[in-house]
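Inspection log for the structure reproduced underneath, given as structure tokens.
The values are calculated or read from the model by the stated rules, or taken from the named source; none is laboratory data. Only a predicted model underlies this, so the values are computations on that prediction, with no experimental measurement involved. Using ideal geometry, Cβ is built from the backbone for each residue, glycine included, and neighbour counts are taken over all protein chains shown.
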Amino acid sequence: MKAIKKNKGQMVIEMILVMTVLLSLVGLVRSSLQSSEVFKTLVQGPWRVLSGMITSGTWDSPSEAVRWHPAYYDNHGSLRGDDGQ
């Protein structure tokens, strides 16, 4: 029975060590991905085109898509209407 009581805390110590190693690895991977800006390029590339579709209705970047928005067409309106000529 004494041998079992002595080894009882060994699993707790091993789990703490495993958690420490895993947290260190996660921190290392996170910092390396953050410095290389992998997620930034994965999100910004498609988002630029998607935001053009949201704002203007065309699959372009917002600066190019704004030209095709119906609100920017050269329309004119008049309360009198056309002269009928």
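Can you tell me which residue is modelled with the lowest pLDDT among those in region 64-85 that are surrounded by 10 or more Cβ atoms within 10 Å (Cβ to Cβ) and in a helix (DSSP H, G or I)? By that ranking, first place goes to Tyr72. Evaluated against (1) in a helix (DSSP H, G or I); (2) at pLDDT 80 or above, Asp60 falls short on exactly one condition, (1).
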